[in-house]
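Beneath this line is the structure, given in C-alpha cells, with notes to follow.
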Amino acid sequence: MKGPSDNEQWRFNGLPRHPDASGKQPEYLPNSRKPDVEKSLEWISSLTDLVLCIYGPAGIGKSTLVRHLLDELRSVGWLGASVFLGAFPTETTAPETVIKTLAHELGSIHPRAIPKIVEAMNQCHATSLENHLRGYILEPARSLNHPHPLIIIVDAIDEWKNHPVFIKALAHLNSETAFVKFIITSRLNPCTSRLPDIDKIAIHTYPLLPISIDTMKVYFDKHLETVPWVDGRGASAADVNKLANLSCGLPVWASTVISLLSEKFSESPPHEILSGILARQQVGGSEGLAELYRDALLRLFLSAEAQRYFRLYLGAALVLQEPLSLSEFSKLVGMPPHLVKNIHSALSAIQTRSPHGSEDTVHPASTRFHLSFLEYVQAIPAENTFAISAFDSHSAVGLTCLNQIATLPLVSSAQTPGFSLHGLQGYATKYWPFHVSHGTSRSHDEWAKTVHCSTLLAIPVDAQQRWATLFLSTLFPEAEEVMAVEEQDMTSILMEVGDDLSEDSEDHWAFEVACLGGCCATREWL
C-alpha cells in the first residue's frame, strides 16, 4: 500500500492535534506494575473483548501505567493512537474532535493509513459518531493489513463530559477486534456506573490496586536524595518507612510530598516541611491526600489576603479553556501581574504536569494539576478558606469577557477572513457565551437580576454585530468569506450564530450550545 500524496498529507495536517502534554510527568518505576503490565498484554493477545478498562481512584497511577504500556506497544508496532483527555477542555471538546485527534495520532504513527483517514474527512462530515469511528479509526487500521490489532489508548476518559456517548458508540466495533482494540482508564468501573448501553460493549474491566509499600520505599529512597536538604539534614530510614506507609500505595501522594520538599522558594527548610508532614498526617490514602493538600496550601498561602488571591487565580484557571500569558490572565482575573506570577510560581509545588511554556503562561488547571487536587478544592465546604466554586468562577470570567465586547476593533469585510484577535480580546470573543452560560442561572427572572444581563443591555448593537462576525471568523479562520450579522438584538444574533454553527461544523457543538443557551436566557430581556 502506497503512502499519502502531497494533497492527502496537506489535508491530513488539518486534523485536530493532541494538546501539548510534554514536560513534567510522573515516573514509572521499573517493575512496579509488572503484574498489571503482564495482565494487560495478555488481554491484548488472547481475549476477544473490544475494550479493556483499567479503573481505580484518582492518584493510584492509571496514567503512569498506560504511558508505560504505550511505550511497550509502540516498540513492537502495536500502538495505533493515544489521547490523554485530561489535556483537553473537558466541557467543550466534541466526541468527533477526539476521534479526529486519534486519527491524526494514528496517521502520524502509521503514514500508510493517511489516505483512508482523508477519505473519512470527505465522507463522515455531519454523520453519526459510529460512522466517525469506522471511517477515522477502523478503516485506516484495516487498510494497514497488520497481523494483529492496533491498540487505541484513551486515558482519563471519565474526566471528559462526553465520554458516555463515545463509549456507547464503541459497541458498533465489537466484531472488529482483529483490527482494533481500545484501552481506556477511568476512576469508576463503567459496568457499575450505569453508562447507557454499556452491556452491549465487549468490555473487560481490570481494577488497578495500590502500589506495594516496598515499591513506595524504593521511590522515596530514590527521590529524597534529590531534595535540596540544608545543614546536613535529611530523611532517616524511619522517615522513609513512615512515608511509604502513609502513602497507602498512592503515587500521587508520594510525588506531592517530594514536590513540596523540593520547593526552592519555600520559607521553611525541607526538614521542617518533612517533620510537619509526618507529625500532622494521621491517615493515608485518599483522605490523607486531602490532608496533604490542605497543609500544603496553608504553608504556601499564609495570610487571608494571599488565600483570597489564590481562590481568584485557581478559580479562573479551573474554568479557563485555553492558555493565556501571565499578563493577559492578570487582566482576566483583575489581579496585579506580580501577584499572578507569585501564585503561579508557588503552585508549582503542587503541580503534577508541566505543559510547554508553563513558566510564563497560565494553562487550564486540568492540564497542570492532578484531578485529585482540583476535586479537593471544589469538594471542601464553602466556608473553607480554599473552597472554589466553578459556577462562581465561570460567572466572574464571563463578566470580564462581556466587558471586552464593546471594545472590539472595527474590521472591514475584506479583513475578516483569516483575521484573528489575540490575548484577552481574542479569548473573550471566543468564550464569553460559554462562561456566561455556565456561570448564570437559566431562569429568566434570575438572569434579569444579574450584572451580566445589564452589561449585555449596555453593549451597542453595532458592537454586538461586530462580535458575532469576529466570533465566526475566530472559529473558521480559513473561511474565504464570513457572513455579516445584521440582526438588531443579542437574542437574534445568538440564535443566528448558533444555527450557523450547527450547520457548519460538528467540532464546535459546545459553542453552539452556549450560544443557543444564551439565546434562551436573553429572549425575554434583551
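The values are calculated or read from the model by the stated rules, or taken from the named source; none is laboratory data. None of these values were measured; they are calculated from a predicted model. Note that each Cβ is placed from the backbone with ideal geometry, even for glycine, and that neighbours are counted across all protein chains shown. Surface areas here come from the heavy atoms of the whole protein model, side chains and all, with no ligands, DNA or RNA. Shrake-Rupley method; radii C 1.70, N 1.55, O 1.52, S 1.80 Å.
To the nearest 500 deg cm²/dmol, what mean residue ellipticity at 222 nm is calculated for the chain from DSSP H runs of n ≥ 4 alone, each contributing -39,500 (n - 2.57), summed and divided by the residues? Could the numbers behind the result be given before it?
Numbers: 24 runs with 269 residues, N = 526.
Estimated from H runs of four or more residues: -15500 deg cm²/dmol.
For Ser454 and Thr407, what is the calculated FRET efficiency with R₀ set at 30 Å and r taken between the beta-carbons, to the nearest 0.05?
0.95
In nm, give the distance between the simple-model label positions of Asn189 and Lys264, each being 7 Å from the Cα along the Cα-to-Cβ direction.
4.6
For the stretch 216-268, which trypsin sites (Lys or Arg not before Pro) are both in a DSSP coil and crowded by at most 11 other Cβ atoms within 10 Å?
Those satisfying the criteria are Lys264.
Which entries in Lys100/Lys331; Lys200/Lys430; Lys116/Lys200; Lys62/Lys331 show an alpha-carbon gap greater than 32 Å?
Correct reply: Lys100/Lys331; Lys200/Lys430; Lys62/Lys331.
Within the chain, what percent of beta bridges assigned by DSSP are antiparallel, to the nearest 5?
Numbers: 2 of 22 bridges.
Here the share of antiparallel DSSP bridges comes out near 10 percent.
DSSP loop (so not H, G, I, E, B), at most 16 other Cβ within 10 Å: list which GluC sites (Glu not before Pro) in the stretch 10-55 pass both filters.
Taking the stretch 10-55 and a limit of 16 other Cβ atoms within 10 Å, the loop GluC sites (Glu not before Pro) found are Glu27.
Positive end of the charge dipole of the stretch 15-58 (Lys, Arg +1 and Asp, Glu -1 on Cβ, about the Cα centre): tell me which of Leu41, Leu52, Gln25 has its Cα farthest that way.
Most positive-ward Cα: Gln25.
Can you find, among Thr192, Leu173, Val227, the residue farthest towards the positive end of the dipole of the chain? Put +1 on the C-beta of Lys and Arg, -1 on that of Asp and Glu.
Val227
Exactly which GluC sites (Glu not before Pro) in the stretch 315-396 are in a DSSP loop and have at most 14 other Cβ atoms within 10 Å?
Loop-located and lightly packed - Glu359, Glu383.
What is the dipole size for the stretch 125-279, taken about its Cα centre, with +1 at each Lys and Arg Cβ and -1 at each Asp and Glu Cβ, in debye to the nearest 20?
440
Ignoring ligands, DNA and RNA, please state the percent of accessible area on the chain from carbon and sulfur, probe 1.4 Å.
Answer for the chain: carbon and sulfur cover 53 percent of the accessible area.
Here are some values of semi-axes √(5λ) of the Cα gyration tensor in Å: (i) 39, 34, 19; (ii) 49, 25, 22; (iii) 44, 32, 23. Which one was computed from this structure?
Of the listed options (i) 39, 34, 19; (ii) 49, 25, 22; (iii) 44, 32, 23, (i) comes from this structure.
Mind checking the full-extension length gain between Lys161 and Glu383? Use 0.36 nm per residue of separation minus the Cα-Cα distance, one decimal, nm.
Result: 77.1 nm gained on full extension.
Could you tell me the relative contact order of the chain? Use alpha-carbon pairs under 8 Å, at least six residues apart, and round to a whole percent.
14
Find which of Pro140, Ala202, Ala458 sits farthest along the positive direction of the dipole of the chain, computed with +1 on the beta-carbon of Lys and Arg, -1 on that of Asp and Glu, about the Cα centre.
Most positive-ward Cα: Ala202.
Per residue, what accessible area does the chain have, given a 1.4 Å probe and all protein chains present, in Å²?
Accessible surface, normalised per residue, equals 43 Å².
Let's see if you can work this out: charge +1 on each Lys and Arg Cβ, -1 on each Asp and Glu Cβ, no other charges. What is the dipole magnitude of the chain about its Cα centre, in debye to the nearest 20?
1400
Whose amide H sits under 5 Å from the amide H of His356, counting only residues 5 or more places off or on another chain, with H placed in the peptide plane?
Ser22
Given +1 on the Cβ of Lys and Arg, -1 on the Cβ of Asp and Glu, and no further charges, what dipole in debye does the stretch 1-116 carry about its Cα centre, rounded to the nearest 20?
The calculated dipole for the stretch 1-116 is roughly 160 debye.
Expressed in nm to one decimal, what extension gain is obtained for the pair Ala126 and Ser5 from 0.36 nm per residue of sequence separation less their Cα-Cα distance?
Stretched out fully, the Ala126 to Ser5 stretch lengthens by 41.0 nm.
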